[in-house]
1. Of the options 268, 244, 213, report the single residue whose Cα projects farthest towards the positive end of the charge dipole of the range 191-269 (beta-carbon charges: Lys, Arg +1; Asp, Glu -1).
2. Placing +1 on the Cβ of each Lys and Arg and -1 on the Cβ of each Asp and Glu in the range 130-176, which of 147, 176, 159 has its Cα farthest towards the positive end of the resulting dipole?
3. Among 185, 56, 335, which one shows the biggest mean-square fluctuation in a GNM of the chain, springs joining Cα atoms closer than 10 Å?
4. Would you tally the net charge around residue 198, using a Cβ to Cβ cut-off of less than 11 Å, leaving residue 198 out, and scoring K and R as +1, D and E as -1?
5. Expressed as a whole number of Å, what is the distance separating the alpha-carbon centroids of the range 109-169 and the range 195-250?
6. Pick out which of 272, 176, 125 has the largest mean-square fluctuation in a Gaussian network model of the chain, springs linking Cα atoms closer than 10 Å.
7. Would you please give the residues with an amide H less than 5 Å from that of residue 65, counting only those at least 5 places away or on a separate chain, with H modeled from the backbone geometry?
8. Can you tell me the relative contact order of the chain? Whole percent, Cα pairs under 8 Å, sequence separation 6 or more.
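We did not get these values from a lab; they are worked out from the coordinates using the rules stated. In this text the structure is predicted, and so the values were computed from the model without any measurement. Here the Cβ positions follow ideal geometry from the backbone for every residue, glycine too, while neighbour counts run over all protein chains shown.
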Amino acid sequence: MPDIASSPARPPQSLCLLRTSALGDVTHVVPIIRTLQAQAPGTKLTWIIAKLEHRLVGDLPGVEFLVFDKGKGWRGLRELRAQLAHRRFDALLHMQVALRANLIAACVRAPLRIGYDKARSKDLHGMFINHRIAARSGEHVLDAMASFLEPLGLRQSEVRWDIPIPESAAEFAERHLPGAAKTLLVSPCSSHIVRNWLPQRYAAVIDHAAAQGWRVALCGGPSTFEREFGDAIIAKCTSKPLDLVGKDTLKQFLALCRRAQLVLTPDSGPMHMANAVGTKVLGLHAASNPDRSGPYSDRRWCVDRYDAAARKFKGKPAADLPWGTKIEYPGVMELIETEAVTERFDSFSCTHP
């Protein structure tokens with residue numbers, strides 16, 4: 001498709017945002033919604049999103065959601081296509097680089113179709129767009145997504161989430177984390193298994209925090225893997241963390257984060273969910289670059305072994321790798337020492353008495 005002019009005289013009357021997953025990336029889209037609502041209040045917003053992620057943000061006011069159930073396979077795509085058959089939008093923000101996302105984009109009728117620059121494109125992404133965002137390196141993922149607004153003549157100057165948390169979720173969190181005790185929330189699993197730290201090292205940090213009088217709660221999803229991983233951590237603990245693995249919903253996790261002072265987690269959706277509600281994050285980074293995909297608001301408490309991973313597994317410093325390179329090799333998270341994590345915890349504890 002040919003490129004077209006990038007700055008319309010006025011914001012579009014209707015806009016379709018395509019970002020189905022994953023949880024962390026979906027949280028990065030929310031500030032875009034807030035910017036659009038503030039700077040282009042007359043624009044009708046439609047967001048194509050996956051079923052799980054819809055549970056996290058599907059109650060954002062002023063947004064129409066079209067839910068894609070990827071678990072249905074081709075039937076799910078046909079159902080979504082039927083919903084879009086008689087729709088037309090002024091513009092499409094194609095913010096997902098994946099073959100499945102391209103099939104969805106093909107169902108969206110819009111004259112302006114904004115996508116990633118060539119360096120960040122793959123899986124035939126360029127065939128489904130006619131305008132590319134500016135080619136930039138060194139950006140956080142959230143800022144890269146925000147640049148999709150620029151061809152619309154808008155710019156994200158404030159990052160705001162305000163994801164709704166139902167009262168029932170707040171009551172769940174207060175029931176399990178009552179009072180004002182200093183709380184460390186541990187969410188140990190990423191959807192990328194090689195990003196997960198070692199159970200015995202999580203246990204050592206949990207015991208370290210408990211010895212300093214902190215309340216520790218262990219969270220995780222309902223999968224068998226996360227249950228077994230949580231059990232492996234608990235088995236190594238001498239203290240007794242509160243076990244909430246598989247017991248909370250996405251909204252309840254947001255509420256739990258809001259009652260915690262610190263969340264310990266690898267690069268994962270929970271990292272960005274915690275950041276979105278303003279809770280500080282002790283992020284564990286070796287497989288990914290925290291400057292690109294760490295907690296957006298504050299990365300002071302992260303442990304960064306990305307450069308060490310680049311040197312060990314790629315044979316060169318991180319500065320010599322293309323921006324966004326993931327170093328997802330077995331054993332990469334072993335580069336993060338227990339002492340480095342407890343040091344970050346102690347530093348946070350001292351500055352947040």
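1. My answer, from the dipole projection, is 213.
2. 147
3. Result: 335 has the largest fluctuation of those listed.
4. Combined, the nearby Lys, Arg, Asp and Glu give 0.
5. Here the answer is 35 Å between Cα centres.
6. Most flexible of the set in this elastic network: 176.
7. When sequence neighbours closer than 5 places are left aside, the close amide H contacts are 47.
8. Relative contact order for the chain comes out at 15 percent.
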